[in-house]
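Colleague: Before we start, here is the structure in question, set down as structure tokens.
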Amino acid sequence: MTDEQFHSLMTEVVRGRRALEALCVHIGVPRGGAARQGCEVGRVATDVELDGKYGDAKIVVDPRDWNGQSFKGARMSEAPPDFLDLLAVVLDGFADGELDAKKKRYKRDDAAKARGWARRKRAPANGSEEDFG
């Protein structure tokens, strides 16, 4: 997959996540509570979360579609943004299959951290963020 194809794919993923979030708002799913059970797919962790005590989570799995070096056991801050994008999708998939609400929330939070670290790593030195959409 070329960089251009990957960027195009990620643009579509972000659009889909935004559509899901808009649907959640439209049907009245509140922030927090019920939203934590499924409508937080695509959430990006804030800088405050990333800089917090648990913000630089340990990577527990390499995504199946990742063809580069393994980052299993490393911290999210040590991985490249493309890896973190794939990791976020994998972690959201794990959360979808999780029955325990607490574990589901932790997996969603880790997916958000992966997206947050990817965003931070792609941001130019002046601090502005890149937006796929």
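The values are calculated or read from the model by the stated rules, or taken from the named source; none is laboratory data. As the structure is a prediction and not an experimental result, all values here were calculated from the model. Cβ: placed from backbone, ideal geometry, glycine included. Neighbour counts: every protein chain shown.
Colleague: Given LYS121, LYS72, which one is modelled with pLDDT of 95 or more and not small (Gly, Ala, Ser)? If you could, list the steps in order and put the result at the bottom.
Modeller: On the way: LYS121 fails: modelled with pLDDT of 95 or more.
So the residue among LYS121, LYS72 that is modelled with pLDDT of 95 or more and not small (Gly, Ala, Ser) is LYS72.
Colleague: Of the residues LYS102, LYS58, which is more than 16 Å from the chain's Cα centre (by Cα) and at pLDDT 90 or above?
Modeller: Values: LYS58 fails: more than 16 Å from the chain's Cα centre (by Cα).
Testing whether each residue is more than 16 Å from the chain's Cα centre (by Cα) and at pLDDT 90 or above leaves just LYS102.
Colleague: Related question: For residues that are free of Cβ contacts under 8 Å to residues at least 24 places away in the same chain and farther than 19 Å from VAL14 by Cβ, tally how many sit in the range 77-118.
Modeller: Of the residues in the range 77-118, 10 are free of Cβ contacts under 8 Å to residues at least 24 places away in the same chain and farther than 19 Å from VAL14 by Cβ.
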